[in-house]
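Step one of this worksheet: look at the structure below.
The values are calculated or read from the model by the stated rules, or taken from the named source; none is laboratory data. Keep in mind that this is a model prediction, so the values were computed, not measured. All Cβ positions, even for glycine, are placed from backbone atoms using ideal geometry, and neighbour counts span all protein chains on display.
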Amino acid sequence: MAKMTLLEMVQDIMSDMDSDEVNAINGSAEATQVANIIKSTYYNIIDGRDYAFLYELFRMHTSGTTDRPTHMNLPDDVIDLKWIKYNTKKLSTDKDLYTKIPYKTPEEFMYITDKRDSTDTTKIKVVADSTGISINVFKDRPPACFTSFDDVTLVFDGYNAVLETNLQNSKSQCWGKRSIAFTIADTFTPDLPVQMFTYLLSEAKSAAFLTFKQMANAKAEKHSITQKRRMSEEAWRIANGITYPNYGRKSNTYKKPNY
């Protein structure tokens, strides 16, 4: 099955229910209800499995201030951070050197930075966090670890003042899971791989029949079961699946990595 717009799916479901034809989602109250059923079904599918297509590369946002040179922020649409790399080259003439920066729990991070000599101004910059608590970060070397105290802002333990006044988004490489927006609009196409559209349509059709007809649609139920089984086998298109390390931002909670 090719990808379908939301209107095309609404029309398909309403046709199977012997409902009146519509040329737009807002053409009838029933069409709008069907569109919302498709939306709910879509999110149920997305929330039920860690699909590969939801992950992508992105960059961090800088703090925008030299007062907090090692603070960076996650983009708003990132809900699960898997890893961060930063360009740790020491001189501008050196070749790029992207290094994976390990996560530390807030307690581990503060234990590391609290041991540093805050009076050594040649190596250390004392940074005041948003709470006013001081953090001793290196200013003569790139970051070696990071943490987060609020699940939004990432705090790194160092930056190279020779090359930058604060950590730069252009030097970051990140990979994680993004949130998905579903828009009730005629031309909107749900963000799904093409092979999953039959599954979405079948699931939504089953839900619509139960909602409007108070009865199951045997054909749609059969298609749904078949497609669900197929999705469990084909959800990963690369190397039969990817194993993730257990760290980063997930469900609003940071978890300690397994190193």
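Restricted to region 19-55, and to residues there that are aromatic (Phe, Trp, Tyr) and farther than 16 Å from Ala185 by Cβ, the residue that is surrounded by the fewest Cβ atoms within 10 Å (Cβ to Cβ) is Tyr43. Among the residues of region 123-140, those that are modelled with pLDDT under 95 and part of a loop (DSSP other than H, G, I, E, B) comprise Asp129, Ser130, Thr131, Gly132, Ile133. If the condition is being farther than 13 Å from Pro142 by Cα and touching a Phe, Trp or Tyr at 6+ places or on another chain (Cβ under 6 Å), then region 76-92 contributes Lys82, Trp83.
Of the set (1) farther than 30 Å from Ser179 by Cβ; (2) touching a Phe, Trp or Tyr at 6+ places or on another chain (Cβ under 6 Å), all apply to Tyr103 but (1).
Residues are listed down the side, and each one gets a yes or a no for (1) of a type in the set (S, T, N, Q); (2) over 21 Å from the mean Cα position of the chain (by Cα); (3) crowded, with 21+ Cβ neighbours inside 10 Å:
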position	(1), (2), (3)
Pro143	no, yes, yes
Tyr159	no, yes, yes
Val162	no, yes, no
Thr165	yes, yes, no
Gln173	yes, no, no
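Would you check which residues across region 56-75 are crowded, with 17+ Cβ neighbours inside 10 Å and either farther than 30 Å from Val137 by Cα or under 11 Å from the mean Cα position of the chain (by Cα) (or both) and list them? Phe58, Leu74 - these are the residues of region 56-75 that are crowded, with 17+ Cβ neighbours inside 10 Å and either farther than 30 Å from Val137 by Cα or under 11 Å from the mean Cα position of the chain (by Cα) (or both). When each of Ile13, Ile45 is tested for being of a type in the set (A, V, I, L, M, F, W, C), outside the structural domain of Pro142 (by TED's automatic domain parsing) and within 23 Å of the chain's Cα centre (by Cα), the lone residue that passes is Ile45.
Take Thr189 and decide whether it is part of a helix (DSSP H, G or I) and either in the same structural domain as Asn26 (by TED's automatic domain parsing) or more than 30 Å from Arg68 (Cα to Cα) (or both). Here the answer is no, as Thr189 does not meet what is asked. Restricting region 197-219 to residues that are within 27 Å of the chain's Cα centre (by Cα) and either of a type in the set (S, T, N, Q) or under 29 Å from Leu74 (Cα atoms) (or both) leaves a set whose member that is surrounded by the most Cβ atoms within 10 Å (Cβ to Cβ) is Ser202.
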